[in-house]
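J.: Supplied in C-alpha cells, the structure appears directly below.
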Amino acid sequence: QHLKIILSAVTVGVFLKALFIGSILSWLFHDPFFFLLGIMVAQIDPLSVSKLMHGTRLSAKAKTILASWASFDDPITVILCLYAPILLAQITGSEWLSLTDIDKNANGIQGYLDVFLFNLGFAGLVFLIWKLSKKQLANRLLRSSHIALLGGSIAVTVSQLWMLSVALIGLFLRPPIDLFIEKAIQWSLRMAAILLGVLLVSGVNLLYGVALGIAAFTAQILVGMLLTRGLVGKDRIHIAFAQQNGITAIILSLLFEPLYPRTVSIIAPAILVINTIHAVSTQLLDRFVLQK
C-alpha cells in the first residue's frame, strides 16, 4: 500500500539526503570528503526505529513506512559508501581510496549498478532454494535447513559486502532464531562502540561533527516532508523527525578510518548530535505540537 513512498525513500531519499549533506558541508568547509561522510549518516538506524514500533506515538501507516525505510536504506547506504569514492575521484579529479578492489578508473555508476544486480541475483537464488526446500523437505527438517541456508547466505553476503541481499533475504527467510539475532546485534553494537571509543583517544573534531549532525537531521526533515505528502500531518512530522544513527554509521566509520584517519573523530560526535536532536525534538513535538 505504501510501496511508492518506501521505494522513493530508500532510493531517491538516500541520494537526496547524502547530496544535501555533502553539498552544504563541502561548500562550507571546502572539503569534498563530506560527501562520503554525508552518506555514512544518511540512513536511519533500524535498531532505534524498532523501539518506536511498540508504542502508540506512530500510526500503523507511519510504522510500516518508517520500519521499511530504516531497513532498506541501510544496505543502500553501505553500497553507496563502497562505490562513492570511485565516483568522487572522477568528479573532483582527486585521489580517493576505496574499500573495494574495483579499478579507480572504472565508472562509479556502472560499479554501483553491477553490485545492485549482484545483490538482486543472489537474493533471487536464495529465494528459489528456500521455495524448493519448503516443497521438498519434511517439516522437521525445514528449521535446520533454513538456519543453514541463512548462515551460508550471510557468510557469502558479508564476504562480498552485498548488504542489500541481506535485507531482501530477511523478507522471506526467517527461521525461529529471533533471540539469537537480538543478542548478536546487541553484542555487535557494544563491540563497535568500544572500538569507536578506543579510536577516539586522539580526540574528536567537534566542529565538523556538530555540523554533520545538524545537516543530517535537517536533510531528513526536508526529504521526509517531501516524500510523505500523501500522509496526514502527524505521520509526516513523525517521519520527518525520525533521523537516528547507530550501529551502521559506527561500523562504516570504523571501516573507513584506516583509509581516512579523521572519519571516526567526525562521525562519533555527529551520531551524538543527531540522537540528541531526535530525543529533544521528539519531546517538544509531543508536548507542544502533536497533542493539539
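J.: Can you give the Rg to Rh ratio of the stretch 113-152, both from alpha-carbon atoms, with Rh computed by the Kirkwood formula? The partial results should precede the final answer.
T.: Values: Rg = 12.1 Å, Rh = 11.0 Å.
Dividing the radius of gyration by the Kirkwood radius yields 1.11.
J.: Another question, then. 222 nm [θ] for the chain, helices only, -39500 (n - 2.57) per DSSP H run of 4+, per residue, to 500?
T.: Details: 13 runs with 216 residues, N = 292.
After summing the helix terms and dividing by the residues of the chain, the value is -24500 deg cm²/dmol.
J.: Can I ask one more? I'd like the FRET efficiency for Leu207 and Phe15, computed as 1/(1 + (r/R0)^6) with the beta carbon distance as r and R0 of 22 Å, rounded to 0.05. Could you put the intermediate results ahead of the total?
T.: Details: r = 26 Å, r/R0 = 1.19.
The formula returns an efficiency of 0.25 here.
J.: A follow-up question, please. With equal scatterers on the alpha carbons only and no solvent term, can you work out the Debye log10 of I(q)/I(0) for the chain at 0.12 1/Å?
T.: Scattering profile of the chain, log10 relative to I(0): -0.82.
J.: Shifting gears a bit: Measuring with a 1.4 Å probe in the full set of protein chains, what accessible area per residue, in whole Å², belongs to the chain? Can you show the working numbers first?
T.: Details: 15040 Å² over 292 residues.
Here the residues of the chain average 51 Å² of exposed surface.
J.: Sorting Met225, Met40 by accessible area (1.4 Å probe), largest first, what list results?
T.: Values: Met225 65, Met40 0 Å².
Accessible-area ranking of Met225, Met40, largest first: Met225, Met40.
J.: Pairs Lys134/Lys183; Lys63/Lys183; Lys4/Lys61: which are spaced more than 19 Å apart, C-alpha to C-alpha?
T.: Too far apart for the 19 Å limit: Lys134/Lys183; Lys63/Lys183.
J.: Name the residue farthest towards the positive end of the dipole of the chain from the options Leu36, Ile169, Phe256, assuming +1 on Cβ of Lys and Arg, -1 on Cβ of Asp and Glu, about the Cα centre.
T.: Ile169
J.: Shifting gears a bit: Give the carbon-plus-sulfur fraction of the accessible surface of the stretch 209-292 in %, rounded to a whole number; probe 1.4 Å, heavy atoms of protein chains only. All intermediate terms of the calculation are to be shown ahead of the outcome.
T.: Numbers: 2410 of 3510 Å².
In the stretch 209-292, the share of accessible area belonging to carbon and sulfur is 69 percent.
The values are calculated or read from the model by the stated rules, or taken from the named source; none is laboratory data. The shown structure was predicted, so the numbers you read here are calculated from the model rather than taken from an experiment. Here the Cβ is made from the backbone with ideal geometry for all residues, glycine too, and neighbour counts use every protein chain on show. In case anyone asks, the SASA skips ligands and DNA or RNA and just uses the protein heavy atoms, side chains included. Shrake-Rupley method; radii C 1.70, N 1.55, O 1.52, S 1.80 Å.
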